[in-house]
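Have a look at the structure below before the remarks.
The values are calculated or read from the model by the stated rules, or taken from the named source; none is laboratory data. Owing to the predicted nature of the structure, the values given are computational and were not obtained by experimental measurement. Every residue, glycine as well, gets a Cβ built from its backbone with ideal geometry; the counts of neighbours run over all protein chains shown.
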Amino acid sequence: MLDGFPIVRLAEPRTVRLVSTARLRPPVLAQLVPNDELDALFEIEAATSGRLVGQSRGTQALDPNEFVYGIPHANFINASFAYARPRGLNRFNGPGRGAWYAALAVETALAEVIFHMTRELADVGDSHAVVEYAEMHASFAGEFLDLRELEQAPPCLDPDPAISYPHGNAVADAARARGLNGIIYPSARHPGGVCLTALSPHAVQSVAQGEVWRITWNGSPTPTVELVNWG
């Protein structure tokens with residue numbers, strides 16, 4: 001499966017992943033529950049949170065020992081692997097195991113997010129939405145599958161998800177079986193952009209929050225994008 005694909009040892013000190021700011025805010029219910037009832041609320045969260053359940057019992061394709069603990073933003077790292085599309089594929093992960101998708105530049109990350117959100121809005125027939133995303137920076141080091149300079153783009157990089165995603169999942173499975181940290185590849189949504197996918201939680205290092213972006217669809221498939229002050 002990996003024949004002809006180069007494997008490189010790389011060090012990327014700063015990549016960017018966009019995360020919905022809704023994940024950064026404290027739980028709304030916690031502000032409405034008396035302090036003496038917080039324990040019960042946390043028990044409910046532990047029973048229903050995909051991340052907490054995954055950390056405790058694992059997921060369909062992820063052992064609980066693979067999650068990370070005791071490092072900054074471990075919850076965000078673990079959530080990216082515990083939550084996956086329940087009935088569909090992403091480029092390099094399936095429904096039983098998530099992945100950490102990032103880019104080398106924020107412009108690439110924005111193009112990727114806009115593409116997928118625009119598809120979702122088209123599916124529901126309403127191109128009106130306002131979403132805010134926070135940058136989550138991370139560094140990476142180690143061995144990665146490198147798909148950036150191949151003479152011919154493999155099927156896993158096809159712009160059509162119906163073609164690329166099944167192939168991408170097979171490539172990711174083979175890369176993970178070889179012990180690789182992830183895959184670095186050209187963006188299908190931002191010409192000249194580069195994306196990186198980490199296949200295991202331990203590969204994601206030194207996570208820190210950056211700027212916040214607001215993306216607005218006003219009835220058109222082409223949204224407006226602005227940097228916002230958020231606190």
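I'd like the residue in segment 135-187 that is of a type in the set (Gly, Ala, Ser), without any contact (Cβ under 8 Å) to a residue 40 or more places away in the chain and in a loop (DSSP other than H, G, I, E, B) and, out of all such residues, is surrounded by the most Cβ atoms within 10 Å (Cβ to Cβ).
My answer is Ala153.
Per this entry, Val113 is not counted among residues that are within 22 Å of Leu62 (Cβ to Cβ), crowded, with 18+ Cβ neighbours inside 10 Å and either of a type in the set (Val, Ile, Thr) or more than 17 Å from the chain's Cα centre (by Cα) (or both).
Selection of strands (runs of 3 or more DSSP E) fully inside segment 191-231 by the criterion of at least 2 residues being free of Cβ contacts under 8 Å to residues at least 40 places away in the same chain and over 20 Å from Tyr133 (Cα atoms) returns nothing. Among the residues of segment 19-32, is any modelled with pLDDT of 90 or more, within 22 Å of Val171 (Cα to Cα) and out of contact with any Cys (no Cβ under 7 Å at 6 or more places or on another chain)? No - not one qualifying residue is present in segment 19-32. Comparison of Thr197, Thr224, Thr216 shows that the only residue that is loosely packed, with under 13 Cβ neighbours inside 10 Å and either touching a strand residue (DSSP E or B) at 6+ places or on another chain (Cβ under 6 Å) or at pLDDT below 95 (or both) is Thr224. A Cβ distance below 6 Å, combined with a sequence gap of six or more or placement on separate chains, defines the contacts here; from segment 116-132, residues that are under 20 Å from Ser20 (Cα atoms) reach residues that are of a type in the set (Ser, Thr, Tyr) and modelled with pLDDT of 95 or more in the pairs Val130/Thr216.
Of the candidates Leu147, Leu157, the single residue that is modelled with pLDDT of 95 or more, under 24 Å from Pro95 (Cα atoms), in contact with a Ser or Thr (Cβ under 7 Å, 6 or more places away or on another chain) and of a type in the set (A, V, I, L, M, F, W, C) is Leu157. Taking the stated definitions as given, is Ala82 modelled with pLDDT under 90, within 19 Å of Val207 (Cβ to Cβ) and either out of contact with any strand residue (DSSP E or B) (no Cβ under 8 Å at 6 or more places or on another chain) or small (Gly, Ala, Ser) (or both)? So Ala82 passes the test. Among the residues examined, Arg97 does not qualify as without any contact (Cβ under 8 Å) to a residue 12 or more places away in the chain and outside any strand (DSSP E or B).
Look through segment 102-131, keep the residues that are of a type in the set (Asp, Glu) and at pLDDT 95 or above, and return whichever of them is farthest from Ser187 (Cα to Cα).
Checked segment 102-131; the qualifying residue farthest from Ser187 (Cα to Cα) is Glu107.
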